[in-house]
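**Q** So that we are looking at the same thing, I have put the structure below in structure tokens.
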Amino acid sequence: MIKTSVIAMGKIKEKYLQSAVDEYLKRLSRFCDLKLIEIAPFQLPDNPSKAQIQNALKSEAVLIKKHIPNDSFVCSLCVEGNRRSSIDFANMIKDKSATGTGICFIIGSSHGLSDEIKELSDLRLSLSDMTFPHQLFRVMLLEQIYRGFMINRGSKYHK
């Protein structure tokens with residue numbers, strides 16, 4: 001079973017989104033050893049300056065790096081990342097599974113990720129050009145990971 005981590009800034013607050021996260025975690029337990037790590041984002045004032053945002057991102061990077069498993073393929077989710085089809089995403093999961101390499105997905109705070117985290121990443125990935133709430137995005141990522149495993153299984157889940 002491939003070791004998979006999702007490092008996410010913040011906790012899910014809405015019950016309906018937490019239910020969706022729980023459902024995908026349950027489904028994924030058949031395919032991978034998935035660890036969801038939630039980190040409290042650095043608190044900023046209502047209208048932070050660029051310097052305050054950069055300092056917060058640096059502080060968050062220190063916390064994120066502590067949770068990145070050694071020898072993992074690191075995939076940062078960021079707006080400027082590459083987009084992939086669900087088939088390409090599934091192939092990435094299959095390739096890493098075949099080599100025994102774990103995968104670590106990182107979702108930043110509402111201000112994104114520090115350049116340091118992006119630079120240490122093996123892949124910068126964007127799921128869409130659209131903007132989504134971070135809590136919903138976590139559900140979307142888990143669904144795509146599940147879809148990837150189902151595609152690799154030849155399931156009719158992906159049509």
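Every read-out reported here was derived from the displayed coordinates using simple, explicitly stated rules and does not represent laboratory data. Quantities reported herein were computed from a predicted structural model and do not represent experimental measurements. FYI the Cβ positions are ideal-geometry reconstructions off the backbone, even for glycines, and counts take in every protein chain you see.
**Q** Looking only at strands (runs of 3 or more DSSP E) that fall completely inside region 62-156, which ones have 1 or more residues that are in contact with a helix residue (DSSP H, G or I) (Cβ under 9 Å, 6 or more places away or on another chain) and among the aromatic types (Phe, Trp, Tyr)? First the steps, then the outcome.
**A** Details: elements: 72-82, 102-107, 123-125.
Strands (runs of 3 or more DSSP E) meeting the threshold: 72-82, 102-107.
**Q** In addition: What tally of residues in region 1-21 results from selecting those that are assigned to a helix (DSSP H, G or I) and either touching a residue at least 40 places away in the same chain (Cβ under 8 Å) or aliphatic (A, V, I, L, M) (or both)? Walk me through how you get there before you give the answer.
**A** Residues of region 1-21 that are assigned to a helix (DSSP H, G or I), as a first pass: 15-21.
Now restrict to residues that are either touching a residue at least 40 places away in the same chain (Cβ under 8 Å) or aliphatic (A, V, I, L, M) (or both): 17, 20-21.
Result for region 1-21: 3.
**Q** Something else about it: State whether one or more residues within region 22-36 are surrounded by 11 or more Cβ atoms within 10 Å (Cβ to Cβ), free of Cβ contacts under 8 Å to residues at least 24 places away in the same chain and not in a loop (DSSP other than H, G, I, E, B).
**A** The first filter runs over region 22-36 and keeps only residues surrounded by 11 or more Cβ atoms within 10 Å (Cβ to Cβ), leaving 22-25, 27-29, 31-36.
Imposing the further condition that a residue be free of Cβ contacts under 8 Å to residues at least 24 places away in the same chain reduces the set to 22-23, 29.
Remaining after also requiring not in a loop (DSSP other than H, G, I, E, B): 22-23.
Yes, region 22-36 contains at least one residue that is surrounded by 11 or more Cβ atoms within 10 Å (Cβ to Cβ), free of Cβ contacts under 8 Å to residues at least 24 places away in the same chain and not in a loop (DSSP other than H, G, I, E, B).
**Q** Here's something else I'd like to know. Criterion first (in a helix (DSSP H, G or I) and more than 18 Å from the chain's Cα centre (by Cα)) does GLN52 satisfy it? Steps first, answer last, please.
**A** Details: in a helix (DSSP H, G or I): yes; more than 18 Å from the chain's Cα centre (by Cα): yes.
Yes.
**Q** Looking at SER126, SER114, SER97, which is the one that is surrounded by 19 or more Cβ atoms within 10 Å (Cβ to Cβ) and within 16 Å of the chain's Cα centre (by Cα)?
**A** Working: SER126 fails: surrounded by 19 or more Cβ atoms within 10 Å (Cβ to Cβ); SER97 fails: within 16 Å of the chain's Cα centre (by Cα).
Answer to the check: SER114.
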